Amino acid sequence: MEDLQEWPFTWEGRGGPFTILLAPGVFAPTRTSFEMAEGIRINPGDTVIDVGSGSGVLSFVAARLGAARVFGTDVNPKAIEMARRNAVLLGLATVDFREGSLFEPLVGIRADVVIGDVSGIPDDIAAASDWFPGGFSGGPTGAEVPVAMLEGARDHLAPGGRLYLPTGSIQDEGAVLRAARRIFGPRVLKLRERVLPLPGKITESAMVRRLMDSGVVRFIRRGSRMLWELRIWECTAPPER
Ligand SMILES: C[S@@+](CC[C@H](N)C(=O)[O-])C[C@H]1O[C@@H](n2cnc3c(N)ncnc32)[C@H](O)[C@@H]1O
């Protein structure tokens, strides 16, 4: 990565402050990262899996909140390289980043906590924003990757384990929540809800307007501004299997 421009980013959210490096093609932490960090419960000694770890920011939050072991996975090789370097910079040897899709690199590993902040933005919205500089967005409706993550989590959560999931009106949220309830039954609890501004260039895109017209995404108009709703959920696995 010698030829790559890098810049420092100071995380001021829960578990911070700490400074990591970001680089082109690596997802920069957002308000969703911040709200996820606020919502997660980590008990001392927990094993944590952070799916879609990006720069590693939520893995580092989990480690600093007391997790004994943290595994991060990301399908973007640049993100894994950056996250590994960030772990060294922070002196967090308990965090192990592995390249691959979802839980693929974690055969046989079960966790007390899964942080499921994997891409959940429709491909067309990702293309119209600069949120996913390396690609790797959430599928045509933004539900495809999160639903696959929920399916995969069954085999990687310990009994009674907790999965933290962001959803929003910026994706086919109903499809994600139907999958969560099919897998976790009534143990899907809303922790946080926020209304956030939508970058103007997203609403100006013709492809995004088609997603709005077809009802896949829902935005709120307030004066000249467009807003979207973010929600953070805790899904709990049954105590016995
Ligand atoms: C919304 S970003 C979140 C990153 C990080 N948690 C944060 O808060 O900054 C989602 C991440 O999921 C990754 N991703 C997308 N599809 C994936 C997949 N199938 N398996 C693993 N990671 C994936 C992306 O490369 C991206 O880094």
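The values are calculated or read from the model by the stated rules, or taken from the named source; none is laboratory data. Values in this document were obtained by computation on a predicted structure and should not be read as measured data. All Cβ positions, even for glycine, are placed from backbone atoms using ideal geometry, and neighbour counts span all protein chains on display. Heavy atoms of the whole protein, side chains included, go into the accessibility calculation; ligands, DNA and RNA do not. Shrake-Rupley method; radii C 1.70, N 1.55, O 1.52, S 1.80 Å.
Kindly establish whether residue 104 is farther than 17 Å from residue 32 by Cβ, more than 11 Å from the ligand (Cβ to nearest atom) and surrounded by fewer than 17 Cβ atoms within 10 Å (Cβ to Cβ).
no
So, residue 158, is that one away from the ligand (no atom under 13 Å from the Cβ) and at pLDDT 95 or above or not?
yes
Take the range 91-101 and flag every residue that is of a type in the set (A, V, I, L, M) and in contact with a strand residue (DSSP E or B) (Cβ under 6 Å, 6 or more places away or on another chain).
Listed by number, the list holds a single entry, 95.
Can we say residue 154 is open to solvent by 20 Å² or more (accessible area, probe 1.4 Å), of a type in the set (Lys, Arg) and out of contact with any strand residue (DSSP E or B) (no Cβ under 9 Å at 6 or more places or on another chain)?
So residue 154 fits the description; yes.
So which of 204, 234 ends up being of a type outside the set (Val, Ile, Thr), within 17 Å of the chain's Cα centre (by Cα) and open to solvent by 20 Å² or more (accessible area, probe 1.4 Å)?
None of the others qualify; the one that does is 234.
Cβ-Cβ below 8 Å, separation at least six or inter-chain, first residue in the range 192-215 and over 16 Å from residue 142 (Cβ atoms) and modelled with pLDDT of 80 or more, second of a type in the set (D, E, K, R) and assigned to a helix (DSSP H, G or I): which pairs?
192/35; 192/38; 194/31; 194/35
Quick check on residue 102: is it at pLDDT 95 or above, outside any strand (DSSP E or B) and over 23 Å from residue 145 (Cα atoms)?
no
Somewhere in the range 113-136, is a residue modelled with pLDDT of 95 or more and either away from the ligand (no atom under 14 Å from the Cβ) or farther than 30 Å from residue 211 by Cβ (or both)?
Yes, there is a match, as at least one residue in the range 113-136 is modelled with pLDDT of 95 or more and either away from the ligand (no atom under 14 Å from the Cβ) or farther than 30 Å from residue 211 by Cβ (or both).
Which number in (1) surrounded by 22 or more Cβ atoms within 10 Å (Cβ to Cβ); (2) of a type outside the set (D, E, K, R); (3) closer than 21 Å to residue 42 by Cα marks the one condition that residue 119 misses?
Only one criterion in (1) surrounded by 22 or more Cβ atoms within 10 Å (Cβ to Cβ); (2) of a type outside the set (D, E, K, R); (3) closer than 21 Å to residue 42 by Cα is unmet by residue 119, namely (3).
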